[in-house]
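One structure is given below, encoded as structure tokens.
The values are calculated or read from the model by the stated rules, or taken from the named source; none is laboratory data. Just so it is clear, the structure is predicted and the values come from calculations on it, not from any experiment. Virtual Cβ from ideal backbone geometry, glycine too; neighbours counted across all protein chains shown. Accessible surface areas use protein heavy atoms only, side chains included; no ligands, DNA or RNA. Shrake-Rupley method; radii C 1.70, N 1.55, O 1.52, S 1.80 Å.
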Amino acid sequence: VDLDNDKVDLGLNLAIRSLNKVDHVEGTIDSNIWLRYYWKDQRLSWNMDEYNYSNIVINTDPNIGNNIWTPDIYLYNTAEKPLERLSYTSAVLYSNGDIIWSRPGMIKATCLFNLEKFPYDTQSCYFKFGSWSYNANMIELYTKNNIDLTNFKQGEEWKIMSTNERVEIKVYECCPEPYHAIYFEFK
């Protein structure tokens with residue numbers, strides 16, 4: 001992807017598989033997730049009729065080689081080294097240049113807990129994802145569907161009551177350009 005000449009429209013979707021550990025004292029939440037990315041790279045498209053393939057699976061791990069460009073999306077409110085426990089899975093590349101990349105793994109995020117009514121409380125938390133180095137003129141983020149709870153494993157202590165997704169556009173003190181971030185919020 002040539003981010004100097006083309007802006008990438010990048011869709012993100014979050015599937016929450018489980019809330020593994022909610023630590024009120026530490027202010028963290030460990031979760032098993034699938035982070036899904038959706039974008040298009042016209043340079044990787046081909047004529048399906050000519051080659052008789054509608055899609056191919058392609059490497060994303062930069063340590064292996066023969067990989068494609070992948071966006072540098074990070075969890076901004078991380079409580080550990082960002083996304084080091086998400087796998088570099090293969091991406092699916094379609095003949096029209098569409099790319100879908102799903103990364104399963106664990107994340108540990110910070111969360112402010114209100115313990116006034118503990119243990120009968122309702123908490124609001126979020127995961128904030130965004131590009132670390134590409135501004136909004138290079139990568140425009142959008143949410144792709146709602147938070148996916150299809151395979152959510154309900155725990156004994158916590159249940160997800162509602163979810164919301166929103167995009168934030170912010171100019172930071174360091175840089176003159178705006179940056180996009182997506183909040184995946186849940187109660």
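Only one entry in Lys128, Lys144, Lys153, Lys117 is modelled with pLDDT under 95, closer than 15 Å to Phe184 by Cβ and of a type outside the set (S, T, N, Q), namely Lys144.
For region 93-104, the tally of residues that are surrounded by fewer than 16 Cβ atoms within 10 Å (Cβ to Cβ) and in a loop (DSSP other than H, G, I, E, B) stands at 2.
For region 81-92, does any single residue satisfy the condition of being under 21 Å from Ala136 (Cβ atoms), outside any loop (DSSP other than H, G, I, E, B) and open to solvent by 40 Å² or more (accessible area, probe 1.4 Å)? No. In region 105-173, counting only strands (runs of 3 or more DSSP E) that sit wholly within it, the ones holding 1 or more residues that are open to solvent by less than 40 Å² (accessible area, probe 1.4 Å), within 29 Å of Trp39 (Cα to Cα) and among the charged types (D, E, K, R) span 125-131, 163-171. Filter region 174-185 for residues that are outside any loop (DSSP other than H, G, I, E, B) and farther than 17 Å from Lys7 by Cβ and give the result. Within region 174-185, Tyr183, Phe184, Glu185 qualify. When Trp39, Trp34 are checked against the criterion of being among the aromatic types (Phe, Trp, Tyr), surrounded by 13 or more Cβ atoms within 10 Å (Cβ to Cβ), under 18 Å from the mean Cα position of the chain (by Cα) and under 26 Å from Ile160 (Cα atoms), Trp34 stands alone in meeting it.
Taking first residues from region 111-138 that are without any contact (Cβ under 8 Å) to a residue 12 or more places away in the chain and partners that are hydrophobic (A, V, I, L, M, F, W, C), the Cβ contacts under 7 Å between residues at least 6 apart in sequence or on separate chains come to Asp121/Leu115.
Which of the residues spanning region 174-184 are surrounded by fewer than 16 Cβ atoms within 10 Å (Cβ to Cβ) and either of a type in the set (Ser, Thr, Tyr) or touching a residue at least 24 places away in the same chain (Cβ under 8 Å) (or both)?
Scanning region 174-184 gives Cys175, Glu177, Pro178.
Just checking, does region 63-73 include any residue being modelled with pLDDT under 95, hydrophobic (A, V, I, L, M, F, W, C), over 30 Å from Lys159 (Cα atoms) and open to solvent by less than 40 Å² (accessible area, probe 1.4 Å)? The answer is yes, given that some residue of region 63-73 is modelled with pLDDT under 95, hydrophobic (A, V, I, L, M, F, W, C), over 30 Å from Lys159 (Cα atoms) and open to solvent by less than 40 Å² (accessible area, probe 1.4 Å).
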